[in-house]
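Here's the structure we're looking at; comments come further down.
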Amino acid sequence: MEILIQPSKQEACALGARWIARLLRAKPNAVLGLATGSTPVLLYQELIRLHREEGLDFQAVTTFNLDEYLGLAPTHLASYHHFMRENLFRHINICEKNTHIPDGLTTDVPDTCRKYEDQIQAAGGIDLQILGIGGDGHIGFNEPGSSLASRTRIKTLTERTRQDNAPFFDSPNEIPRHVLTMGVGTIMDAREIVLLAFGETKAQTLAAAVEGPVTASVPASILQFHEKATFLVDEAAATHLKRADYYRWVDANKPKWQQV
Ligand code: PGA
């Protein structure tokens with residue numbers, strides 16, 4: 001694991017975008033795993049800037065999103081289909097047919113989930129997965145207690161996650177109780193993982209995920225078992241990390257060839 005503590009979320013997102021750009025320049029047909037929520041918005045803005053100003057090319061890129069609300073149409077303003085279109089896809093030269101998001105309107109959940117896993121396999125697996133972390137330690141929508149071996153499936157949101165996401169809905173009743181999400185096992189199959197965490201509200205969970213025991217009660221803690229997981233965090237999210245000084249020391253003393 002690598003913990004990169006940045007002065008601000010702007011700088012963390014700029015670094016995350018450079019990370020993705022480096023991959024796309026080395027492998028133009030890379031498969032990206034994408035996240036939604038407030039955390040990756042600045043990262044996507046930076047990717048859009050790199051596309052416009054530096055010609056970062058998405059033409060051959062394939063994407064798979066982590067999750068979608070069950071029951072929301074792609075046109076619903078709170079759907080992740082809508083989020084991705086507005087925050088990234090319509091601003092870059094990605095082919096729509098290469099973008100994948102679980103179908104929130106499916107009438108056959110197990111079949112849709114199985115096919116999503118098959119599509120990831122058929123694309124050659126995910127090269128780089130972007131993650132946020134929920135206040136309760138979830139990754140994707142894998143709430144605490146999720147099997148650490150789980151695959152894409154239906155999950156029931158915790159009340160806390162529903163409330164965290166309430167601002168995107170007109171009324172509390174509208175917030176779905178169910179979602180489709182890649183499983184923890186699906187996420188762990190990605191060849192590389194970059195998790196973003198910003199702000200004081202994520203500090204305790206981040207410390208539990210990075211320095212606490214590996215447990216299904218904090219699904220993000222499974223990343224301790226990933227061969228190549230990087231945490232890009234701001235100062236506020238790093239406040240509860242006991243080894244913060246060591247992480248800074250490692251970063252400051254990186255050999256040149258390791259720097260992004
Ligand atoms: P947020 O959500 O980016 O809106 O904080 C993160 C998550 O739930 O993974």
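Summary of computed values
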read-out: Residue list for segment 218-246, restricted to those being exposed (fewer than 14 other Cβ atoms within 10 Å of the Cβ) and part of a loop (DSSP other than H, G, I, E, B); value: Glu227, Lys228, Lys242, Arg243
read-out: Search result, residues across segment 87-97 that are within 18 Å of Leu24 (Cα to Cα) and either within 16 Å of the ligand (Cβ to nearest atom) or buried (at least 18 other Cβ atoms within 10 Å of the Cβ) (or both); value: Leu88, Phe89, Ile94
read-out: Qualifying positions in segment 52-77 - within 15 Å of Pro102 (Cβ to Cβ), touching a residue at least 60 places away in the same chain (Cβ under 8 Å), part of a loop (DSSP other than H, G, I, E, B) and among the hydrophobic types (A, V, I, L, M, F, W, C); value: Leu66, Leu70, Leu72
read-out: Test set (1) assigned to a helix (DSSP H, G or I); (2) of a type in the set (Val, Ile, Thr); (3) within 16 Å of the chain's Cα centre (by Cα) - Thr112 fails condition number; value: (3)
read-out: Any chance Leu56 is modelled with pLDDT of 95 or more, in contact with an Asp or Glu (Cβ under 9 Å, 6 or more places away or on another chain) and either surrounded by 15 or more Cβ atoms within 10 Å (Cβ to Cβ) or on the phi > 0 side of the Ramachandran plot (or both); value: no
read-out: Leu23 vs. criteria over 21 Å from Thr186 (Cα atoms) and either surrounded by 15 or more Cβ atoms within 10 Å (Cβ to Cβ) or touching an Asp or Glu at 6+ places or on another chain (Cβ under 6 Å) (or both); value: no
read-out: Verdict on Thr107 being in a strand (DSSP E or B) and away from the ligand (no atom under 16 Å from the Cβ); value: no
read-out: Residue list for segment 148-180, restricted to those being under 17 Å from Val109 (Cβ atoms) and in a loop (DSSP other than H, G, I, E, B); value: Ser150, Arg151, Thr152, Leu157, Pro176, Arg177
read-out: Candidates Ala190, Ala208, Ala203, filtered to the one that is within 16 Å of the ligand (Cβ to nearest atom), surrounded by 15 or more Cβ atoms within 10 Å (Cβ to Cβ), of a type in the set (Gly, Ala, Ser) and assigned to a loop (DSSP other than H, G, I, E, B); value: Ala190
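The values are calculated or read from the model by the stated rules, or taken from the named source; none is laboratory data. None of these values were measured; they are calculated from a predicted model. Counting neighbours? That spans all protein chains shown, and the Cβs are built from the backbone with ideal geometry, glycine included.
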